[in-house]
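In what follows, a structure is listed as structure tokens, so that the remarks can point back to it.
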Amino acid sequence: MGKPTAREKVMEAATLLFGEKGYTATTIREVAEKAGVSELTIFRNFKNKENLFRESIILRTTPVALLEEIEDQFTGDLNKDLTKIAETYIQVNLPKLNYIWAALLESRQNSEMRRLLHELNSHLVDHLETYLQQLGEKGHIIPCNYRLIANMFYGQLFLYIMNVSITEEDIQLEEYIEVCVNLFMNGISFSKN
């Protein structure tokens, strides 16, 4: 593997600083110093602090792109596919808990950050909603508000990630995913009677 590019160095430095200090407290100057580049390099690559945050924290630390990549592995089996989505979401986000907290805390004071987080959440929900609509159109699941179901599904997964950081209770990941998937399957699958 070659030497990291200036852009990669900037993203790594920004990820660390935004994670430690938050969006508002982090300056472009600090990121430039930590990355060993000029501020101009950052502005050439990212245009502004918001874009730097979006690329270094929001897009880099979320499973949107990964979910799109695993889409070709979907089988149409609701249980298997929801389990794959859940495992991917948690595996990608759990190691990035500090960055997630930084983004959440920042969003309370910064409307632009709220907008970015909403944008990210919308991508995730859109992806799952589309999948559920396709299954619904094929008659594999009952007609319902697929967007609401997608929001609720990700809400349960997000709750697991937050609980890991604030509780001493040992919640087993495999069991949590299984219960979560079964809960949603029982709610939107046709009865076997």
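Throughout, read-outs are computed from the coordinates displayed, never taken from laboratory work. Keep in mind the model is a prediction, meaning the values are calculated, not measured. FYI the Cβ positions are ideal-geometry reconstructions off the backbone, even for glycines, and counts take in every protein chain you see.
Observations, loosely collected:
- Cα gyration tensor, the stretch 141-193 - rounded (a/c under 1.5), prolate or oblate: oblate
- Distant-in-sequence amide H partners of residue 38 (H built 1.01 Å from N, under 5 Å): none
- Sorting 75, 26 from the fewest to the most surrounding beta carbons within 10 angstrom yields 75, 26.
- Angle of helix 97-109 to the longest C-alpha principal axis of the chain, folded into 0 to 90 degrees and rounded to 10: 80°.
- The angle between the Cα long axis of helix 173-188 and the main principal axis of the chain comes to about 50°, on a 0 to 90 degree scale.
- Structural descriptor for the stretch 61-188: relative contact order 30 percent, calculated from alpha carbon pairs under 8 angstrom and at least 6 residues apart.
- In order through the stretch 66-76: 3J(HN,Hα) via Karplus (6.51 cos²θ - 1.76 cosθ + 1.60), integer Hz, x for Gly, Pro: 5, 5, 5, 5, 7, 4, 5, 8, 5, 10, x
- Local net charge near residue 29, Cβ-Cβ under 12 Å (Lys/Arg +1, Asp/Glu -1): -1
- Restricting the stretch 142-193 to chymotrypsin sites (Phe, Trp or Tyr not before Pro) in coil, as DSSP defines it, with at most 10 other Cβ within 10 Å: 190
- Rounded to 10°, Cα long-axis angle of helix 6-21 versus longest principal axis of the chain: 80 degrees
- Assuming charge only on the beta carbon of Lys and Arg (+1) and of Asp and Glu (-1), the dipole of the stretch 61-188 about its Cα centre is about 420 debye to the nearest 20.
- Pairs with C-alpha atoms separated by more than 26 Å, drawn from the list 34/84; 9/96; 21/96; 3/96; 21/84, are 34/84; 21/84.
- Once you reduce the stretch 69-118 and the stretch 127-180 to the center of their Cα atoms, the two points are 11 Å from each other.
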